[in-house]
Structures are given as structure tokens and as C-alpha cells.
1. Show that you can apply the helix-only estimate: for the chain, add -39,500 (n - 2.57) for every DSSP H stretch of four or more residues, divide by all residues, and state [θ] at 222 nm to the nearest 500.
2. Measure nothing fancy, just the Cα-based angle from helix 26-57's long axis to the longest principal axis of the chain, in degrees from 0 to 90, nearest 10.
3. Which entry is the computed Cα Rg over 2.2 N^0.38 Å for this structure: (1) 2.44; (2) 1.64; (3) 1.74?
4. Hey, fewest Cβ within 10 Å first, where do R5, R74 land in order?
Amino acid sequence: MVMSRVVSAKIPDELKKKADKYGIKIGKLVRDALEAQIGAIEHEMLSSKLDDISSKIGSKLTKQDVVKSVRASRNER
């Protein structure tokens, strides 16, 4: 079972009315936006770590080589 937490936010009444009017699912929107933001942050952190590792091992391994290897590994799953 997936564990969940309740997160609440106060928004102006007019914004809530418009969201309801247009059928916007606020929970889904918040989850999607949060996942996208976390994904972008993690991508940036990994990219930075990869740059650090690449500078330590020199030109023996390129960023593209690592990306290709990671993608291949993901595709095997």
C-alpha cells in the first residue's frame, strides 16, 4: 500500500470557484507539479554530481557515455 499525506493550502475563494468551474482537479495538479519540480531538482543535482565525477576521472568517460549507460540500464528493467 502506498502511504500518503494530506497537504493543505489556502487559496482565494475566486480561484477555487474557477478551478471548480473548469473541472480542475486541484489534488492531481498539485501532485503533478510537485513531481515535476522534484524531478527537475533531482536532475540538476545528478547532473552536478556527474560533472564532479567527470572532472575527477578526466576525459576517460564523457557525460554522454554515462547518460547512455543509465538509459540502457533503465530500459533493461
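Derivation of every value follows stated rules applied to the coordinates shown; laboratory data play no part. If you're wondering where the values come from, they're calculated on a predicted model, not measured in any experiment. Every residue, glycine as well, gets a Cβ built from its backbone with ideal geometry; the counts of neighbours run over all protein chains shown.
1. After summing the helix terms and dividing by the residues of the chain, the value is -24500 deg cm²/dmol.
2. Roughly 20 degrees, rounded to the nearest 10.
3. Evaluating Cα Rg over 2.2 N^0.38 Å on these atoms matches (3).
4. The most exposed by this proxy come first: R5, R74.
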